[in-house]
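Reviewing the structure listed below.
Nothing in this text is a laboratory measurement; each read-out follows from the coordinates by a stated rule. Quick caveat: nothing in here was measured; it's all calculated off a predicted structure. Quick reminder, even Gly has a Cβ in these numbers, built from the backbone with ideal geometry, and neighbours come from all protein chains shown.
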Amino acid sequence: MTTTDQKARQKEIFVRVAMITLSSLIVAVNFKSFVAAGDLFPGGFTGITRLIQRCALEFAGVELPFAPINLAFNAVPAAVSFKLVGKRFTLYSCLSIVLTSLFTDLVPAFAITEDTLLICIFGGIINGFALSLCLSVRVTSGGTDFIAIALSERKNVDAWSYIFCGNVVLLMIAGYLFGWDKALYSILFQYACTQVIKMLDPDGRRATLLIVTGRESAGGVCAQIQDTNHTATLMEGVGLYNGEPCVMIYSVVADSEVRTLARKIRHSDPKAFVNVLRTQRVVGKFYRRPRD
């Protein structure tokens, strides 16, 4: 490995650890300032941990720490992810889980507002932003995400619907024990969080490229697309403006690759016409950059 490669590797590690630490701290502060203040129940293992803490305090008068319970729930999914997804991905994600658990116990509880609706909306937005920081460096916050990613990427099983059903059961239990208003407000919190993640997650969006270029430039444009490990479909046509033969190249790429790819295409053919369309769903083979 060259010196340049080592520096790039060290920079990548530093950025990942920094983003994970910042994300974990924001999640912990949000948990103690918004989630606890609003008596909400987030989804996944965090929500289960919160429910156990709430039950212990309500029915036994015991205040349980967050870290041991959350770490215990994440142990088995982490082992599955380590085997099916990748070692580095799982280790970085475990770092996120450990830091979030420790910060949650260390950060003092404080309420920013007593308005439950504001707590749900802004708490969900902040939580979604924090989780998106992890996703931006291709790391997850753990919990049920381990299971969903492992099954979707390795076994081609859509586990998100099952996780959604699990969250519904969690909220039903919380609503029955502590009031249905808490469960309904928790749905608003989870919805706000999910919408922010969808908006900011770079790997969750796809873009369709329709590129019109000359025949002599088509090879260079296709080469730029293939450098991203995606492929394309080439269709020959005629430009109606000048009647000259042209080529339209069709491809679907990750949204995070569009800006760089468009610049390279314009470098290959300054006259190329590039139309970028938002893609809602892709069915079939689509290259996913390895998380590990």
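Note on residue 64 and residue 111: with the Förster distance fixed at 25 Å, the Cβ-Cβ geometry gives a FRET efficiency of about 0.75.
Translational diffusion of the stretch 1-44 was estimated from the Stokes-Einstein equation, with Rh taken as the Kirkwood radius over Cα pairs; at 10 °C and 1.306 mPa s the coefficient is 125 µm²/s.
Could you check the simple spin-label distance between residue 181 and residue 233, using points 7 Å along Cα→Cβ, in nm with one decimal? With each label point 7 Å from Cα toward Cβ, the separation is 5.5 nm. Semi-axes of the equivalent ellipsoid of the stretch 207-292 are 24, 13, 11 Å, computed as sqrt(5λ) over the eigenvalues of the C-alpha gyration tensor in descending order.
The stretch between residue 286 and residue 21, if pulled fully straight at 0.36 nm per residue, gains 92.3 nm over its current Cα-Cα span. In this simple spin-label model, placing a label point 7 Å from the Cα along the Cα-to-Cβ direction at both residue 55 and residue 259 gives a separation of 4.6 nm. Residues of the stretch 258-272 with an amide N closer than 18 Å to a point placed 7 Å from the Cα of residue 7 along the Cα-to-Cβ direction: none.
With N as its number of residues, the stretch 29-146 has a Cα radius of gyration that, divided by 2.2 N^0.38 Å, comes to 1.08.
Kirkwood radius, the stretch 3-203, all distinct C-alpha pairs, inverse of mean reciprocal distance: 17.3 Å. What separates the Cα centres of the stretch 177-253 and the stretch 1-59 is a distance of 29 Å. Approximating the spin labels as points 7 Å out from Cα along Cα→Cβ, the residue 241-to-residue 198 distance works out to 3.6 nm. Ignoring lysines fewer than eight residues from residue 32 along the same chain, the ones with Cα atoms less than 21 angstrom from its Cα are 182. Relative to the longest principal axis of the Cα atoms of the chain, helix 3-30 runs at roughly 40 degrees.
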